[in-house]
1. Where does each of 296-303, 117-124, 192-199, 280-287 land if you order them by average Cβ count within 10 Å, highest first?
2. When every alpha-carbon pair in segment 65-220 is counted, what percent end up more than 25 Å apart?
3. Which FRET efficiency value, to the nearest 0.05, is calculated for residue 278 and residue 50 with the Förster distance at 60 angstrom and r the Cβ-Cβ distance?
4. For residue 376, project a label point 7 Å along Cα to C-beta. Then give me every residue of segment 405-447 with its amide nitrogen under 15 Å of that point.
5. Using 7 Å Cα-to-Cβ label points, what is the residue 96/residue 361 separation (nm, one decimal)?
6. For segment 326-399, what is one quarter of the convex hull surface built on the Cα atoms, given in nm²?
7. Which translational diffusion coefficient, to the nearest whole µm²/s, is obtained for segment 347-387 from the Stokes-Einstein equation, given a Kirkwood hydrodynamic radius over C-alpha pairs, 4 °C and 1.567 mPa s?
8. Normalise the Cα radius of gyration of segment 178-236 by 2.2 N^0.38 Å (N = residues in it) and let me know the number.
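Every number in this text was worked out from the coordinates using simple rules, so none of it is lab data. Only a predicted model underlies this, so the values are computations on that prediction, with no experimental measurement involved. Heads up, the Cβs are rebuilt from the backbone with ideal geometry, glycines too, and the neighbour counts pull from every protein chain shown.
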């Protein structure tokens, strides 16, 4: 068996027993990338020689000692490019490590490579990258999801042992579902955002994409915790998220929200997810019907709040201090207009314009303020539900992976891909997507994800439910045939 097919904890066991060296682990990764990434296009860049050099000095006794971890191109790593898959940050090299990267290094991990994404994390298919789309390992004619599509694809294709992504409206969970891997969105503030290039600051959260649930717990152990560099990080102790994994689900109540089983949900996906929920019931969980009544308003509220925050956050990219700068300009305003017009892609410009509009004089109360009130109602819905249940189970994505180019001309259709994930970001709660089966389309087996949502700071409970399901099924062991 090739090393790259192993999980983080399996790789760590080999490293600690000295059956392999950190250098061999990195070299195996380089071979795998050379073999399959011409098909997948998951990496924007990686420095194999540098990683091999770093591998020579790691202490394998550390929690992640000697394990390379790949990074979405929105997380800063000192000395590495951080371009957010955009032309406007062309040539930018990060002068510092994000807090999560510093924590990975302290745990002995080797930050490895920049993986593709939707430009500035704005998208659901990784087709908005300025450097071309990433392809789904299960069918190269289909999208891997987004915006962390590169992170999910390289993990599913064994081009990474694990990866970090960011989740603003489902950008970790949705691609994890479509690529057949595990994607964890922690509670807002559980993981520091310092060093994450901001899309929507009140929604963004960094989290792991892994090959199994135990790896997700291990990585969360490393990256979670308060940070003086991030005023929104939660000042709460970090438990060992692996401790409760094997407790099972007997006696737990899991909620089934009627609003997540609606018209537009692919019939094969619904059948697969309902079978997964029945399996949890067979393991001893009690399934309780619940309602999240304001779910129908979540999509429209999200696409007011997120673009509004994006329009403010992206104002800093002006071509004056770093990155792309337009030529043949006449004056400062012309410079701004041409640089941003040429540097940003169509989807980013669409959201910046929308966000600027809803924040403008005369429209703030009608749009942004009203959307924030809806957000409060969504938070209350979840709070009420978690008084009755320990976790909520539902589909991660309404459909399996769709074809490349299928929705690029219809932004609303694209936005609907996040309909089951974005409410969790609005509420600030935690959630995970795990593989729960396959559907067949055009002779191809395409993964389906089961989403498990938990109360704020209850990642341990979410991981407990996810682990019980995963270990009693075989879906997480399936591997795509690439070529």
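1. Working: 296-303: 19.6, 117-124: 30.2, 192-199: 23.4, 280-287: 16.1.
Ranked by mean Cβ neighbours within 10 Å, highest first: 117-124, 192-199, 296-303, 280-287.
2. 17 percent
3. Values: r = 49 Å, r/R0 = 0.81.
Efficiency for this residue pair is about 0.80.
4. Output list for this probe position: 427.
5. The answer from the label model is 3.6 nm.
6. Values: hull surface 34.4 nm².
It is 8.6 nm².
7. Details: Rh = 11.7 Å.
Rounded, D is 111 µm²/s.
8. Numbers: Rg = 11.9 Å, N = 59, 2.2 N^0.38 = 10.4 Å.
Against the compact-globule rule of thumb, the ratio is 1.15.
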